[in-house]
Amino acid sequence: QVQVVESGGGLVQPGGSLRLSCAASGSIFRINSMGWYRQAPGKERELVAILTGGGSRDYGDSVKGRHLISRSSAKNTVHLQMNSLKPEDTDVYYCNVRGESSSSGSLFDSWGQGTQVTVSS
C-alpha cells in the first residue's frame, strides 16, 4: 500500500502564488515519477508537472514558464511552486506517484485525494 497526501491548496488572487506539496509513504522500494495533474468538472485530467526519479521535468503547455516542480529534502516529497496564477488555473489538483512496491515487487500507480486551488479576486 502506498499513501499519497497533498497539501497547500487554497484561495489566491490572480497574479499570486501557491505552493503545493505531495508526500508519498508506505511500501515504496523506488519512485519512478511524482507528478501533479488537475481536473475541472466535466473535463479530463491533464498534466500540470511531472518529476522523474532521474530528475527530468515536464510541464503542461498551459503552465510552462510559470510553475516549478522540485524535490523536497523530505523523503518521497515534491513541491509544486505555482506563480502568476490565473483564474483558469482554478481546479482540483491531484498528485500521482508511480514506482515499485517494496512488499510485492510490482509496480504501483497511486493518486492522492486532491486539493482545491481557486484563483479569484
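Can you give the FRET efficiency for K64 and Q113, using 1/(1 + (r/R0)^6), R0 = 30 Å, r = Cβ-Cβ distance, to the nearest 0.05?
Details: r = 27 Å, r/R0 = 0.88.
The formula returns an efficiency of 0.70 here.
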message: Using a Cα-Cα cut-off of under 19 Å, which lysines could be cross-linked to K43, ignoring same-chain neighbours fewer than 8 residues away?
response: K86
message: If you take every residue apart from G114 with its C-beta less than 12 Å away from the C-beta of G114, what net charge results, scoring Lys and Arg +1 and Asp and Glu -1?
response: 0
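For a protection proxy built on the mean count of beta-carbon atoms within 10 angstrom, sort 63-71, 39-47 highest first, please.
On the way: 63-71: 16.0, 39-47: 10.8.
Listed from highest to lowest mean packing, they are 63-71, 39-47.
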message: In 5 Å bins starting at zero, report the fraction of Cα pairs in the chain per bin as a rounded %.
response: 2, 12, 23, 24, 19, 11, 6, 2, 1, 0
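Considering only protein heavy atoms, what per residue accessible area in square angstrom results for segment 36-119 with a 1.4 angstrom probe? Provide the component values of the computation, followed by the final result.
Details: 4370 Å² over 84 residues.
I get 52 Å² per residue for segment 36-119.
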query: Say each of E100 and R57 gets a label point 7 Å from the Cα, pointing the same way as Cα to Cβ; how far apart are those two points in nm?
result: 2.7 nm
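The values are calculated or read from the model by the stated rules, or taken from the named source; none is laboratory data. Just so you know, these numbers come straight off a predicted model, no measurement behind them. Heads up, the Cβs are rebuilt from the backbone with ideal geometry, glycines too, and the neighbour counts pull from every protein chain shown. We work out accessible area using only protein heavy atoms, side chains counted, and drop any ligands, DNA or RNA first. Shrake-Rupley method; radii C 1.70, N 1.55, O 1.52, S 1.80 Å.
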